[in-house]
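This report refers to the structure that appears directly beneath it.
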Amino acid sequence: MGLFTRAIIVAVALAMVRSSHPLGFAPWQPPAGANLPVFGYTVVRTYPHDRDAFTQGLQFLDGFLYEGTGLNGRSSIRKVKLETGEVVQRRDVPAQYFGEGIVVWQSELFELTWQSGVAFIYDRATFAPRRSVKYQGEGWGLTHDGTNLVMSDGSDSLRLLDPATFAERRRVKVTAAGAPLRALNELEYLKGEIFANVWQTDCVARIDPKTGRVTGWVDLQGLLSARDRASTDVLNGIAYDAAGDRLFITGKLWPRLFEIKLTAKVK
């Protein structure tokens, strides 16, 4: 077992002991496949982020961040200025719903809920509700690949959904060195890959969406200082600016959002 895998297991154990939030997510399975490449990062720039935002979904589009936040009574969808962290548009979610992953698709914004089995669809420009759809199981992360919505549910599966109806087209089982990789959370599609945060870790899996195979890991340990980390929850926000080729990372209740560049493989 490598140092990176050991660090992830320790981080998970500590997070489970310390977390006071009623998250109830799936049991952890440590990453398999010690021979898979591990990528590091360098911080390009740091931006402010709302410390009260329990980030569940993140997307960068047309110069703004779209963010979905969670917790009952605190869930919302937001449009945020990257440079200042100012929330320029917001719609709160009824208190009985725990907001989860979001994605903008054409003129609509989709938002999952954790255990309510319902997704809300809003007008992207106004945030006015348009409709809702039901699904089975839990809702965690959400992205799109240009054709399908891609949804995680805390298991080792990714669901590919019809954006028009939310009907499931197929599922992809995610594996690392042949072993199921569970607890897939926030998702981002970029450059033909799906980046998936593994819940309760600072680890992002790079997934081939055609096969479900993990092709490598991104080790994001150390983004926050020890002082900031003590009052935050887990990493859970990935957004990609395709026009500017910029990758953004944040987390639940994090005071900062980071623009990063991936670095060479860690030996």
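The values are calculated or read from the model by the stated rules, or taken from the named source; none is laboratory data. Just so we're clear, the structure is a prediction, and the values are computed from it rather than from any experiment. For neighbour counting, all protein chains shown are included, and Cβ atoms are generated from backbone atoms with ideal geometry for every residue, glycine included. Protein only, heavy atoms only, side chains kept; ligands, DNA and RNA dropped before computing areas. Shrake-Rupley method; radii C 1.70, N 1.55, O 1.52, S 1.80 Å.
Scanning segment 154-173 turns up no residue that is open to solvent by 10 Å² or more (accessible area, probe 1.4 Å) and within 21 Å of Gly251 (Cβ to Cβ). I need a count of the residues in segment 62-103 that are closer than 22 Å to Phe195 by Cβ and surrounded by fewer than 17 Cβ atoms within 10 Å (Cβ to Cβ). So the answer is 3. The criterion of at least 1 residues that are closer than 15 Å to Met151 by Cα is met by the following strands (runs of 3 or more DSSP E) wholly inside segment 168-267: 168-173, 184-190, 193-198, 203-207, 235-241.
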